[in-house]
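Right, one structure below, let's go through it.
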Amino acid sequence: MEITIRKATEKDFFAILSLIKELAVFEKAQEKVTNSVEQMREEKDFFQCYVAENDNKEIVGMAVFFFAYYTWVGKSLYLDDLYVKESYRGKKVSMKLLKKIFEIAKKENCKRIEFQVSSWNSSAIEIYKKYGADIDTESYLCKFDETKIREFEL
């Protein structure tokens with residue numbers, strides 16, 4: 001089985017959205033996905049994606065990211081989602097995608113790669129620790145959804 005990692009194109013958005021929905025099911029949060037292919041097309045300048053493709057040209061994994069600026073360190077890469085279909089897990093597909101993310105961060109002179117991992121995903125946490133990730137358990141993630149953004153007043 002050959003896995004190819006390549007930059008995603010707009011033609012891949014249907015498959016990517018399908019993986020996003022699979023990830024949401026995996027995280028037991030499928031009701032939170034409001035994105036659409038149309039929205040992805042409209043907002044394509046705000047994210048980048050690499051996909052993992054099998055011999056049959058089926059997309060079996062993805063790494064969605066964007067560049068960010070953190071005041072303490074500067075230019076960074078934020079990995080929003082790294083996901084591989086269940087039937088392809090344990091076949092080093094996620095490691096190939098992660099390797100590509102690190103290559104991009106090096107090429108772009110990023111000072112940090114940052115991402116989140118669910119506290120219950122112990123297998124992923126162990127892998128990230130094995131490769132030297134610092135796991136921050138002191139910070140809380142704060143979110144304001146679209147409704148709260150619109151309603152915000154001081």
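A short reminder: the numbers here are calculations on the coordinates, not readings from a lab. Treat the numbers as computed from the prediction; the structure is a model and nothing was measured. Glycine gets a Cβ as well: all are built from the backbone with ideal geometry, and neighbour counts include every protein chain shown.
Are any residues in region 13-22 in contact with a strand residue (DSSP E or B) (Cβ under 6 Å, 6 or more places away or on another chain) and surrounded by fewer than 19 Cβ atoms within 10 Å (Cβ to Cβ), and if so, which ones? Please lay out each step first, then the result.
Quick first cut of region 13-22, residues in contact with a strand residue (DSSP E or B) (Cβ under 6 Å, 6 or more places away or on another chain) only: 15-16, 19.
If the condition is that a residue be in contact with a strand residue (DSSP E or B) (Cβ under 6 Å, 6 or more places away or on another chain) and surrounded by fewer than 19 Cβ atoms within 10 Å (Cβ to Cβ), then ALA15 is the only one that fits.
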Here are GLU114, GLU42: which of them is out of contact with any Lys or Arg (no Cβ under 7 Å at 6 or more places or on another chain) and loosely packed, with under 11 Cβ neighbours inside 10 Å?
-> GLU42
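Based on this model, can you work out whether LYS11 counts as out of contact with any Phe, Trp or Tyr (no Cβ under 8 Å at 6 or more places or on another chain) and touching a residue at least 12 places away in the same chain (Cβ under 8 Å)?
Numbers: out of contact with any Phe, Trp or Tyr (no Cβ under 8 Å at 6 or more places or on another chain): yes; touching a residue at least 12 places away in the same chain (Cβ under 8 Å): no.
Judged against the criteria, LYS11 is not a match.
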Selection count, region 35-77, where residues are closer than 16 Å to LEU17 by Cβ and outside any strand (DSSP E or B) | 13
Checking ASP55 against (1) under 17 Å from ALA8 (Cβ atoms); (2) in contact (Cβ under 8 Å) with a residue 40 or more places away in the chain, which test does it fail?
-> (1)
Does any residue in region 16-45 that is free of Cβ contacts under 8 Å to residues at least 12 places away in the same chain and over 17 Å from ASP145 (Cα atoms) come within less than 6 Å, Cβ to Cβ, of a residue that is acidic (Asp, Glu) and in a helix (DSSP H, G or I) six or more places away or on a different chain, and which pairs are these?
-> none
Could you count how many residues in region 78-88 are surrounded by 14 or more Cβ atoms within 10 Å (Cβ to Cβ) and not in a strand (DSSP E or B)?
-> 2
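Among the residues of region 66-77, are any among the aromatic types (Phe, Trp, Tyr), crowded, with 16+ Cβ neighbours inside 10 Å and either closer than 24 Å to VAL25 by Cβ or without any contact (Cβ under 8 Å) to a residue 60 or more places away in the chain (or both)? Break it down into steps so the answer makes sense when it comes.
First pass over region 66-77, keeping only residues among the aromatic types (Phe, Trp, Tyr): 66-67, 69-70, 72.
Right, trim to crowded, with 16+ Cβ neighbours inside 10 Å and you get none.
No.
Could you please find all residues in region 131-145 being among the small types (Gly, Ala, Ser) and either surrounded by 10 or more Cβ atoms within 10 Å (Cβ to Cβ) or not in a loop (DSSP other than H, G, I, E, B) (or both)?
Start the filter on region 131-145 by keeping residues that are among the small types (Gly, Ala, Ser), which leaves 132-133, 139.
Once the filter is applied, which keeps residues that are among the small types (Gly, Ala, Ser) and either surrounded by 10 or more Cβ atoms within 10 Å (Cβ to Cβ) or not in a loop (DSSP other than H, G, I, E, B) (or both), region 131-145 yields only ALA133.
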MET1 is checked against (1) assigned to a helix (DSSP H, G or I); (2) touching a residue at least 60 places away in the same chain (Cβ under 8 Å) and fails just one. What number does that condition carry?
-> (1)
